[in-house]
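We did not get these values from a lab; they are worked out from the coordinates using the rules stated. Just so it is clear, the model here is predicted, and its values are computed rather than measured. When we count neighbours, we look across all protein chains shown, and the Cβ atoms used for this are built from the backbone with ideal geometry, even at glycine.
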Amino acid sequence: RIFDIISSFIAIILLLPVWIGVAIAIKKDSPGPVFFRQERRTKDGKIFQMLKFRSMVVNAENMGAGLFNYQNDSRVTKVGRKLRDTSVDEFPQLFIWINVSGRT
């Protein structure tokens with residue numbers, strides 16, 4: 001657990017400038033929050049909070065294909081497409097990892 005916390009903390013510090021740039025780009029690209037938070041289930045059925053940079057328009061889960069997305073999905077923002085292509089939208093999971101890595 002200590003290794004997980006320390007390595008996540010170091011990654012957060014090193015990636016902070018990238019995160020600030022991503023947050024500014026998201027806010028300029030479309031209105032709404034910078035982060036997308038949702039409850040998900042693990043393969044064992046436990047619920048956890050997922051945190052990502054927002055890559056779709058606000059309330060996208062209530063539009064079009066709902067929770068599913070497809071290639072060239074119009075709900076994905078311009079910045080969101082780049083975030084998904086590079087997996088940068090996943091970086092905020094480091095905060096969640098620190099929070100839950102010690103739980104069983």
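Here are some notes:
- One decimal place: the segment residue 35-residue 18 gains 4.7 nm when fully extended, by the rule 0.36 nm per residue minus the C-alpha distance.
- Surrounding net charge for residue 51, when Lys and Arg each add one and Asp and Glu each subtract one, Cβ distance under 14 Å: +1
- Cα lying deepest toward the dipole's positive end in the stretch 1-59, options 49, 23, 12, charges on Cβ: 49
- Straight Cα distances below 15 angstrom link residue 52 to the aspartates and glutamates 39, 61, 85, 89, 90, with same-chain residues fewer than 8 positions distant left out.
- Mean Cβ neighbour count within 10 Å, used as a protection proxy, ranking 75-81, 43-49 highest first: 75-81, 43-49
- Charge tally around residue 38: other residues with Cβ under 9 Å, Lys/Arg +1 each, Asp/Glu -1 each, net +1.
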